[in-house]
1. State, to one decimal in nm, how far the label point of residue 263 lies from the label point of residue 126, with both points 7 Å from Cα in the Cβ direction.
2. By the gyration tensor of its Cα atoms, with a ≥ b ≥ c the square roots of the eigenvalues, what is the shape of the chain: rounded for a/c under 1.5, prolate for a/b over b/c, or oblate?
3. So how far, in whole Å, is the C-alpha centre of segment 215-271 from the one of segment 62-131?
4. What order do you get for 246, 288, 165 when you list them from fewest to most C-beta neighbours inside 10 Å?
5. For 200, 149, what's the fewest-to-most ordering of other Cβ within 10 Å of each Cβ?
6. Subtract the Cα-Cα distance of residue 27 and residue 336 from 0.36 nm times their separation in residues, and report this length gain in nm to one decimal.
7. If I model a spin label at residue 97 and residue 138 as a point 7 Å from the Cα along the Cα→Cβ vector, what separation in nanometres do I get?
8. Can you tell me the relative contact order of the chain? Whole percent, Cα pairs under 8 Å, sequence separation 6 or more.
């Protein structure tokens, strides 16, 4: 390694902390209770006001889990179930008890061109079926590629709807081009209209729903319980998974800057930073393949309040990220090797619930 490269590496490690996963300790003081069994890929789930759950299975089934029983919801949108695409995230409107709106992201083949792309829909649940379905956003153009659909959904305190769409495997065109969908975080009003103060509303030919750009494949997004900032994580290539704090109009760099390399080991770029492009607050090398994201905001787990949880698909554990002053200062493995962690939510009871592929939804508990 040359002196210049050593210097650049040292500078990068000062500004951002990378985690070597083989050194991440395992927490043995916590275990789990299986709450919803026999799920294949619980990509997203949400708690209803009556404490029941709506669960999105990636293959296109929406399940209502209530009183220990699983009921398939009817009239779910047809999904493009290919690769990483399918029925994805699900959220309730902040005023759900008044308006009944349920929001979902999914891979859709709607439009004339072949393949699919990420879409956002809202609907109401009545008598076990979705009604009043409204397509709020459909990314274009469709592609038959099976990777990088995103897609997580959050509402902020002002009622804006945020969602993510991955760059669909087209890193050289989509993430940095504001006229193209993919590799972006988007913001809409709850009815699907574009807010007048979105950062690129007045930019010629731009997709006006875009809020930030230069992303690869964000499969985690959550509101910080105190600062109310939007935190995301995204898949890097080989190495370089990132946690970012999202701000309006900012460029997060992919693929011009990255801490990762191609899967073959060849270089993508020799730059890990550039003026005008945001640095992650944390990155993983090797990649953990992150999915799902949740802050602990209850007192249930004691001094863990304020810490961040991230699912690892690759290493099959729940990553407990200790947070201090907005930085990840330590990590521990929870639910180690239980399965590919896909989704995470804090329940109304203050406990953490985790969707795990080929298992189900489990509750994180302390061992006696």
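Values quoted throughout were computed directly from the atomic coordinates according to the rules given, and no laboratory measurement underlies them. Just so it is clear, the model here is predicted, and its values are computed rather than measured. Backbone-built Cβ (ideal geometry, glycine too); neighbour counts: all protein chains shown.
1. Reported label-point gap for residue 263 and residue 126 is 4.5 nm.
2. The shape class here is oblate.
3. If you average the Cα positions of each part, the centres end up 26 Å apart.
4. Numbers: 246 21, 288 25, 165 29.
Starting with the residue having the fewest Cβ neighbours, the order is 246, 288, 165.
5. Details: 200 21, 149 31.
The order, fewest Cβ neighbours first, is 200, 149.
6. 110.4 nm
7. For residue 97 paired with residue 138, the spin-label model returns 3.6 nm.
8. On the way: 999 pairs, mean separation 58.9, N = 368.
16 percent.
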